[in-house]
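Beneath this line is the structure, given in structure tokens, with notes to follow.
Please treat every number below as a calculation from the coordinates, not as lab data. Computed from a predicted model, the values in this text were never measured in an experiment.
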């Protein structure tokens, strides 16, 4: 059996790692407030207990789908609708507006005299 080597990855920015860890901690807090064991959450999400542990650690190697399943099982999926919401992207909106103002074209009168 042949195994493919994993492609080298660039180091994770510290801010990203901290956000993942914070998300994992919030998921753990939600689980414990609901008095669920990790095994209970694993059964509700059809994930393994070790995957639930990885989510709670904020492991960046864990797939986004696993995080979304955990949030769904805890009744927190509605909050995901504000993640990367274009209406809340102040930088993107200002760039879009500044780009629109630069793209104004002056109409030229066409001279069809031949």
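For the range 15-65, what class follows from the C-alpha gyration tensor (a ≥ b ≥ c being the square roots of its eigenvalues): rounded when a/c is under 1.5, otherwise prolate if a/b is larger than b/c, else oblate?
Details: a/c = 2.71, a/b = 1.40, b/c = 1.93.
Since a/c reaches 1.5 but b/c is at least a/b, the shape of the range 15-65 is classed as oblate.
When the chain is treated as a Gaussian network with alpha carbon springs shorter than 10 Å, the biggest mean-square fluctuation among 48, 98, 81 belongs to 98. Principal axis analysis of the Cα atoms in the range 1-96 yields extents of 46, 42, 22 Å, listed in decreasing size. Springs between Cα atoms under 10 Å define the GNM used for the chain, and in it the highest mean-square fluctuation of 77, 96, 56 occurs at 96. Highest GNM mean-square fluctuation among 62, 12, 32, for the chain modelled with Cα contacts below 10 Å: 12.
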